1. Take peptides 125-131, 152-158 and line them up by average Cβ neighbours within 10 Å, highest first, as a rough protection proxy.
2. If the chain between Ser104 and His67 were fully stretched, how many nm would it gain, using 0.36 nm times the residue separation less the Cα-Cα distance?
3. How many lysine pairs in the range 23-180, separated by 8 or more positions in sequence or lying on different chains, have Cα atoms less than 20 Å apart?
4. Loop only per DSSP, at most 16 neighbouring Cβ atoms within 10 Å: give me the trypsin sites (Lys or Arg not before Pro) in the range 41-82, ordered by residue number.
5. On full extension of the chain, what length is gained from Asp135 through Val43, given 0.36 nm per residue of separation minus the C-alpha to C-alpha distance?
6. Mean separation of Cα pairs under 8 Å and 6+ residues apart, divided by the residue count of the range 23-180: what relative contact order is that in percent?
7. Using alpha carbons only, what's the Rg to Rh ratio of the range 23-180 with Rh from Kirkwood?
8. Among residues other than Asn46 whose Cβ falls under 13 Å from its Cβ, what is the net charge (Lys/Arg +1, Asp/Glu -1)?
Amino acid sequence: MQSKVIFCVLFGIFLTSTFDFNDAVVFKFTNVVCESFNKSWFVFHNCRLKAVSRTKVTFNMNATILHPTNDIFIHAKVFKRANGYKPWLFDVNFDACLYLRRRSIPFVSLVYGLVKEFSNINHTCPYVGPQIIKDFYLKPELLRLPIPTGDYMLSLQWLFNKKPQFDTNVSFTFVEDLLKSK
């Protein structure tokens, strides 16, 4: 039994040292749409993608919250493209202020882990003033959840004081082709 465990560990080390699986993964943004419903409360100054290379696309957003808010709810949905975007695995409603204090929702932790180093949206409530995401790109090594190859859209509806303020829809592609690894 012990020899089987040792063999599996050595085989795993061999595989990870021989193949760089990140070369076989394409994980990049394809589109972003930002829309403010209440420009007297929330204003987008810029919300766009920039192609840096064939496999790297960065997302930049600059927006301003004009009035302080302590009551932020987010309705997050993930859609998978199959003859149009269809609801996929996640449909989550959560209190953003409470999440930033406790970080207790696994799906939100996954998304937040991808974006936190590129933004100033990393403190607890109240939120007011500039909200910036700069040069955010998707890193496959931070994606801790295996997902099938395909095109996806993350739809976020932001509610302040239980009223919709703005939407952000971020589309991305995930392609894992292990045959292309070294």
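Here, each number is a calculation from the coordinates, and none is a lab measurement. This one's a predicted model, so the numbers in the text were calculated from it and none came from an experiment. All Cβ positions, even for glycine, are placed from backbone atoms using ideal geometry, and neighbour counts span all protein chains on display.
1. On the way: 125-131: 14.0, 152-158: 18.0.
Result, highest mean first: 152-158, 125-131.
2. Numbers: separation 37, 0.36 × 37 = 13.32 nm, distance 2.72 nm.
Full-extension gain reported as 10.6 nm.
3. So the count of such lysine pairs works out to 26.
4. Passing both the DSSP loop test and the Cβ count: Arg54.
5. On the way: separation 92, 0.36 × 92 = 33.12 nm, distance 1.97 nm.
Full-extension gain reported as 31.2 nm.
6. The value is 36 percent.
7. 0.96
8. Neighbourhood net charge equals +2.
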